[in-house]
Amino acid sequence: MTGEPLTDPIFKTGDQVRIHDSNPPGHRRTPDYIKGKIGVIERYCGAFVNPEESAYGFDGLPKKHLYRVRFDQTHIWDKYDGNASDTLDLEMYEHWLRPINAAAPEPRKAIVQ
Amino acid sequence: MSDKQVELNEHGHELLAWSDDSRHDVDEADHYVLMADAIRDLLIEKGVIKAGDVREQLEFMDSRSEDMGARIVARAWANPDFKERLLANGTEAIKEFDIPMLDAELVVVENTNEFHNMVVCTLCSCYPRTILGMPPDWYKSKTYRSRSVNEPRAVLKEFGTDLADDVAVRVHDSNADMRYLVLPLRPEGTDGWSEPELAKLVSRDSMIGVSPATEPATEPET
Amino acid sequence: MVGVHDIGGLPAGPMIIEDHEMEPWFKLLNAIAGAMRSRGHTTIHEMRRCLESLPQGVYDRGYAERWSEAVCDLLEEKGLLTKAEVLERIAEMRAAGGGGAS
């Protein structure tokens, strides 16, 4: 068992992706503020042990493809005070990414006004 | 669950807040001080770890500091080939310093006249400890973790770093397996400086991206 | 439900830019956690999960304090020691006029 991913990376640098918008219980490395947001793959980082499994004592294999995804700050935050070219980068495991052309629900609305 | 207080954050999600804060009694100020000793002693007595393991870890921590990062930055300033390799693959490039990244990868992000990079870890306090040592208190604070992502310019201002409007801010939320080192702008007036001289201008904060490198006050010391 | 640790973008006060030398006891705790990982008993992901699982009030006690609590939780979960043993040992140290982070 090498633990390498079972498939090749789905995305490449420059691809647009949407972050899966969900709050499953468990250990997740996807911050809430980025869920449902659209970004661009900045680079492929390699394959890493899945923290969502490793966090519970499992081996986290096969490894998960990890990407750096870049977002426009004005897209993430409603009242962003800054330059329109300001960006934010995060690392995302492939199973949290959705191709932008796939049917996806609108970003979740806040429950309170 | 009766004592659970539900609050909503700005995204409308529940935040758990417990009024029941009963865990260990922490009425004694030395509770956690003693706890560390107690855990170590128990683990060694039970043969889970050895005293040497703890000593090794302490020595490793003592051997890591921002000086490592400063040497890397200085070499990148002085040596364009190294800089190119560093930006292309940080983990590989720093092997020539004999610095292992251990279980993370190093990504180096370069400040230019167009872009300013800044590093945070909102979910915990991930930090490139192998090249910068332990993170400062403010890096681990809830304030820095909360605000750096949505108001980086305001946070930078509070550090005394006032960016021009035409400089774009690139925030890096260090949330998984990469660790980040900011390559600050090389200060003017340092042409011909040696790597050790340059390294003295590289502050820890400049490598996290909350301040620029130190301006040379006078001629370099010899 | 968003965890206690998931705070990116939430309102917070002005930056308090402070730093101080790491307390010897917290350095020791870091070394213990490192030794547990190097011996293969735990992973950093398990450690983070234990940190995130702390009740808000405990999480808010401070960085070093929550690490202490999470280490304790994880070791108990692994069956390597119990919190009762730790508390008992602390009481013994106090009774003996305990030092701390020696």
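The values are calculated or read from the model by the stated rules, or taken from the named source; none is laboratory data. Bear in mind the structure is a predicted one, so any value in this text is a computation, not a measurement. No Cβ is skipped: glycine too gets one built from the backbone with ideal geometry, and neighbour counts run over all protein chains shown. What goes into the accessible areas is simple: the full protein's heavy atoms, side chains included, and nothing from ligands, DNA or RNA. Shrake-Rupley method; radii C 1.70, N 1.55, O 1.52, S 1.80 Å.
Give region B:196-212 a look and list any residue that's among the small types (Gly, Ala, Ser) and open to solvent by 10 Å² or more (accessible area, probe 1.4 Å), or say none.
B:Ala199, B:Ser203, B:Ser211
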Picking from A:Glu42, A:Glu53, the residue that is open to solvent by 40 Å² or more (accessible area, probe 1.4 Å), at pLDDT 95 or above, closer than 26 Å to C:Glu77 by Cα and of a type outside the set (Val, Ile, Thr) would be A:Glu53
Scan region C:67-85 and tell me whether some residue there is open to solvent by less than 20 Å² (accessible area, probe 1.4 Å) and of a type in the set (Phe, Trp, Tyr). no
Need at least 3 residues that are among the hydrophobic types (A, V, I, L, M, F, W, C) per element, so show me which helices (runs of 4 or more DSSP H) inside region B:111-174 make the cut, counting only ones lying wholly within it. B:152-158
Which condition does B:Tyr180 not pass, out of (1) open to solvent by less than 10 Å² (accessible area, probe 1.4 Å); (2) outside any helix (DSSP H, G or I); (3) within 9 Å of chain C (Cβ to nearest Cβ); (4) under 18 Å from A:Arg29 (Cα atoms), if it passes all the others? (3)
Matching residues, region B:44-75, being more than 10 Å from chain C (Cβ to nearest Cβ), assigned to a helix (DSSP H, G or I), of a type outside the set (Asp, Glu) and in contact (Cβ under 8 Å) with a residue 60 or more places away in the chain: B:Met68, B:Gly69, B:Ala70, B:Arg71, B:Ile72, B:Val73, B:Ala74, B:Arg75
Just checking, does region B:77-97 include any residue being without any contact (Cβ under 8 Å) to a residue 40 or more places away in the chain, closer than 26 Å to A:Arg29 by Cβ and within 9 Å of another protein chain (Cβ to nearest Cβ)? no
Quick check: is even one residue across region C:35-47 within 25 Å of B:Arg55 (Cβ to Cβ), facing chain B (nearest Cβ under 7 Å) and surrounded by 20 or more Cβ atoms within 10 Å (Cβ to Cβ)? yes
Checked region A:6-29 for anything within 20 Å of C:Thr43 (Cα to Cα) and open to solvent by 10 Å² or more (accessible area, probe 1.4 Å); matches are A:Pro25, A:Gly26, A:Arg28
So C:Ile90 fits all but one of (1) surrounded by fewer than 21 Cβ atoms within 10 Å (Cβ to Cβ); (2) touching a His at 6+ places or on another chain (Cβ under 8 Å); what number is the exception? (1)
Single condition B:Glu151 does not satisfy, out of (1) under 27 Å from B:Trp77 (Cα atoms); (2) at pLDDT 95 or above: (1)
